[in-house]
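The values are calculated or read from the model by the stated rules, or taken from the named source; none is laboratory data. Worth saying up front: this structure is predicted, and the values here are computed from it rather than measured. Backbone-built Cβ (ideal geometry, glycine too); neighbour counts: all protein chains shown. Remember, those area values only see protein heavy atoms, side chains included, never the ligands or the DNA or RNA. Shrake-Rupley method; radii C 1.70, N 1.55, O 1.52, S 1.80 Å.
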Amino acid sequence: LNGGTATQGMGAAATASYTDFQDVITEQSQILAAPAGTPGAIEPWGDVRFTGDPASTLHTFTLDGTQLSSIDRKFSVHLDGVGGTAPIVINVTGPVVDFDTQSVFLNGTQANVLSSAEFGNAASRILWNFVDATSVELGENDQFMGSILAPLADATLKTSTNGRVYVGGDLSVLGTGGGIEQHN
């Protein structure tokens with residue numbers, strides 16, 4: 001304590017105003033998943049492609065988590081036609097989701113490298129909504145782009161994240177071979 005004093009019970013006081021947090025994130029996840037999103041396509045070589053409308057004020061995509069989990073290597077995510085600063089919601093369906101992205105391209109520009117001019121833009125615009133997942137495992141020492149919303153899931157992160165992380169269950173962070181960081 002370096003000469004200071006410990007005060008008991010501060011955690012309960014600090015979280016008292018968030019007693020309905022679980023209800024809030026579950027409701028928001030359902031709202032975001034309600035519109036039928038444009039399906040994402042898993043390409044023959046395993047990359048994932050989403051194509052939006054540049055004039056849209058909200059880009060909503062849907063992808064089957066079972067198909068996503070079946071890709072047995074790191075893959076790239078391509079978000080095309082997502083102009084401006086409109087939010088991008090990727091609804092991932094299914095109870096168990098486990099995948100590892102290699103790179104994220106925003107309108108053809110790789111966004112997940114720290115030197116990319118699109119890094120902050122992608123991190124602040126993308127939301128991965130794991131609407132009905134009970135288990136989510138992401139990454140392997142890379143840069144996961146976008147916020148994560150998994151209101152019903154236990155989540156294991158083995159990647160640095162660039163966005164908020166909202167999980168209804170337990171959150172485990174496991175660095176494998178290198179340090180990982182969570183960036184809000």
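Numerical summary
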{"read-out": "Largest-first principal axis extents of the Cα set of the stretch 5-53 (Å)", "value": "60, 25, 17"}
{"read-out": "Calculated over the chain: convex hull of Cα atoms, volume per residue (Å³)", "value": "145"}
{"read-out": "Part-to-part distance (alpha-carbon centres) for the stretch 106-184 and the stretch 12-38, which is given in Å", "value": "18"}
{"read-out": "Estimated dipole of the chain in Debye, rounded to 20 [Cβ of Lys and Arg +1, of Asp and Glu -1, Cα centre]", "value": "360"}
{"read-out": "Reference-scaled alpha-carbon Rg (2.2 N^0.38 Å with N residues) for the stretch 103-184", "value": "1.06"}
{"read-out": "Viscosity 0.692 mPa s, 37 °C: Kirkwood-radius Stokes-Einstein D of the stretch 63-154 over Cα pairs, µm²/s", "value": "244"}
{"read-out": "The stretch 22-92: trypsin sites (Lys or Arg not before Pro) in DSSP coil with no more than 13 other Cβ atoms inside 10 Å", "value": "Arg73"}
{"read-out": "Probe 1.4 Å, protein heavy atoms only - accessible area per residue of the stretch 16-111 in square angstrom", "value": "50"}
{"read-out": "Radius of gyration and Dmax over the Cα atoms of the stretch 1-106, both given in Å", "value": "19.6, 62"}
